[in-house]
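Everything below concerns the one structure shown next.
The values are calculated or read from the model by the stated rules, or taken from the named source; none is laboratory data. Keep in mind that what you see is a predicted model, and the values were worked out from it rather than measured. We place every Cβ from the backbone using ideal geometry, glycine too, and count neighbours over all the protein chains shown. Ligands, DNA and RNA are stripped out before the accessible areas are found, and what is left, the full protein with its side chains, is counted by its heavy atoms. Shrake-Rupley method; radii C 1.70, N 1.55, O 1.52, S 1.80 Å.
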Amino acid sequence: MKHNEEYTYELINNESDARICARLIAEEFVQYNPIAAFDEISADEFFNGRSWPIMMDLFDEKLSFLARHRISNEIVGAITAGDLFVHNQNHPYDEFGIPSTIPHHDLLEEQANQFINWDFNQKLVPSLVLHISVGATRVQHSRKGVASRLRRLLCDYASDIKGFRYAFVQVTNPITKHIYTNKMGAQIVRMIDPTTWSWKKKNTQLFPYKDYKNGPIFNVLLELTRKENL
């Protein structure tokens, strides 16, 4: 567990906290994440279709973190992550598979496959690439460094304790992009324009984001630096 004056940071290691974190992510995402807000889905839909399944899928890997407000003991931030190799083994990309109920989920899966097969010029092996899936902070606790601290702690833990060498993130929010690229030094490896993305659903090509106005999505890669003499 890591501490500062106002918040503590810890691994998500029990199902009760995991559920609270998944609910937090859903509630904040549908309001403040540009592409989730564009999808006009409810927090319950996002929880049941995305944040809770992701949380449970990654739970046993013990790579996800939460932020807790010290005085109130309230969980105010969370971020989920896992081994990209494990994700690719458990959920191999299938362009002809059953589409998600949330369009941007399929967009991100497609672009993750692009990264693995075309943009990452190495063979994907276990404990090489950390896949940071989704994270959020309660808006009441924004601008206090919680989001940046969560991401730095996650990456330090993955590198120093678990031996990961890279972190892969799909960025759909300009604030998150600033944290990874400007503060943490991640490199953009692919830029995706959602307005031109074709969603293949029931043998039909749809363009669900043709009217999307919030700019591109970025695949970013952060090289992790392991601290010695820990």
task: Please give the per residue accessible area of the chain, computed with a probe of 1.4 Å over protein heavy atoms only, in Å².
output: 52 Å²
statement: Share of accessible surface on carbon and sulfur in the chain, whole %, 1.4 Å probe and ligands ignored, is 48 percent
message: Heavy atoms of the protein only, probe of 1.4 Å, neighbouring chains included. What is the accessible area of Val86 in Å², nearest 10?
response: 50 Å²
query: Dipole magnitude of the range 25-85 about its Cα centre, charges +1 at Lys/Arg Cβ and -1 at Asp/Glu Cβ only, in debye to the nearest 20?
result: 340 debye
task: Compare Phe46, Phe115, Phe207 in a GNM of the chain, Cα atoms joined below 10 Å, and give the one with the largest fluctuation.
output: Phe207
statement: Taking Cα pairs closer than 8 Å and at least 6 residues apart, the relative contact order of the chain in percent is 20 percent
- request: Please report how many Lys pairs in the chain have alpha carbons closer than 15 angstrom, counting only residues at least 8 apart along the chain or sitting on separate chains.
  value: 4
field: Once the Cα gyration tensor of the chain is diagonalised, semi-axes √(5λ) in Å
entry: 27, 21, 17
- line: With +1 at each Lys and Arg Cβ and -1 at each Asp and Glu Cβ, the charge dipole magnitude of the range 1-110 around its Cα centre, to the nearest 20 debye, comes out at 460 debye
query: At a probe radius of 1.4 Å, what is the per-residue accessible area of Thr196, in Å² to the nearest 10?
result: 90 Å²
message: With a 1.4 Å probe and all protein chains kept in place, how much accessible area does His178 have, in Å² rounded to the nearest 10?
response: 90 Å²
- line: Applying the span-like rule to the chain (DSSP H, Cα extent along axis at least 15 Å, Kyte-Doolittle mean at least -1.0) gives 15-32, 146-160
field: the range 97-218 shape via C-alpha gyration tensor axes, a/c threshold 1.5
entry: oblate
field: Cα centroid separation, the range 111-125 to the range 32-99 (Å)
entry: 21 Å
- prompt: With charges set only on the Cβ (+1 for Lys and Arg, -1 for Asp and Glu), what does the dipole of the chain come to about its Cα centre, in debye to the nearest 20?
  reply: 620 debye
query: When the helix-only estimate is applied to the chain (DSSP H runs of n ≥ 4, each -39,500 (n - 2.57), divided by the residue count), what is the mean residue ellipticity at 222 nm, nearest 500 deg cm²/dmol?
result: -9000 deg cm²/dmol
task: With springs only between Cα atoms under 10 Å apart, run a GNM on the chain and tell me which of Asn219, Asn48, Asn182 wobbles the most.
output: Asn182
task: Please identify every one of the trypsin sites (Lys or Arg not before Pro) in the range 37-86 that sits in a loop by DSSP and has no more than 15 other beta carbons within 10 Å of its own beta carbon.
output: Lys62, Arg70
- prompt: Among Asn13, Asn173, Asn73, which one shows the biggest mean-square fluctuation in a GNM of the chain, springs joining Cα atoms closer than 10 Å?
  reply: Asn73
